[in-house]
Amino acid sequence: LCLAAYREKMRELPLVSLFCSCVLPQPKDPPRDKIDGVVDLNLCSIRDMEVIELSKRSSGQAFEVILKPPSFDGGPELRVTTPPRPKPCLEEIQKKLEAAHERRKCQEAELLKHLAERREHEREVAQKALTKERQEHPHRNMHLNASQEQPQVSVHGVVLKVTICMQVQLRSNKFKKDPISCYSCCSNCTDCRM
């Protein structure tokens with residue numbers, strides 16, 4: 001009873017009817033050569049499908065269906081293939097490339113925008129932390145400003161001394177070469193009158 005119901009269900013499948021167009025509602029001939037464990041469904045004169053009963057369980061029966069390539073004697077040849085794809089023309093390829101390029105540009109712009117927003121947010125957070133720190137410890141900031149200004153003043157003083165020494169040396173060299181022209185150009189200079 002179970003085998004007959006299974007046979008009917010298998011005949012209703014569209015895949016089976018596609019492979020075998022000679023499905024009979026009732027088998028006319030008894031199976032010729034029985035192989036142990038293989039159920040012949042008499043779908044075609046040549047077997048194109050094997051059904052093997054795997055095991056009988058309390059939940060039901062289990063079958064394994066093995067489909068073989070269809071072979072019909074003198075019947076029409078069935079071709080199950082996908083329709084051929086049209087060859088893409090140059091304009092279509094160019095359009096696809098441009099669309100992909102635009103997508104990449106948009107993605108890159110979004111990424112740059114995201115990174116800029118993130119950088120701006122980090123700056124804001126750092127600025128808020130710095131202002132909060134300055135408000136909490138104003139005496140520390142004064143000390144830092146004074147300690148930062150002191151080296152700058154000393155550096156400027158050293159640079160000024162070096163510049164003055166260089167000018168004095170240049171004037172003394174010029175005086176040694178031509179004392180009259182040096183006296184006329186820098187009459188107020190005490191270094192040249194020596």
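So if I place +1 on the C-beta of Lys and Arg and -1 on the C-beta of Asp and Glu, and nothing else carries charge, what would the dipole magnitude of the stretch 91-142 be about its Cα centre? I want it in debye, nearest 20.
Magnitude of the dipole: close to 280 debye.
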Problem - Cα→Cβ-extended label distance, 7 Å offset, between Asn173 and Leu130, nm - result: 4.5 nm
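What does the convex hull of the alpha-carbon atoms of the stretch 91-142 project to on average, in nm²?
Working: hull surface 15.6 nm².
Averaged projected hull area, Cα only: 3.9 nm².
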Practice task
Mind listing the long-range amide H neighbours of Phe63? Cut-off is under 5 Å, sequence gap 5 or more, other chains count too, H placed in the peptide plane at 1.01 Å from N.
Solution key: Leu54
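A short reminder: the numbers here are calculations on the coordinates, not readings from a lab. These numbers come from a predicted model, not from an experiment. Methodologically, a virtual Cβ is constructed for each residue, glycine included, from the backbone with ideal geometry; neighbour enumeration extends over all protein chains shown.
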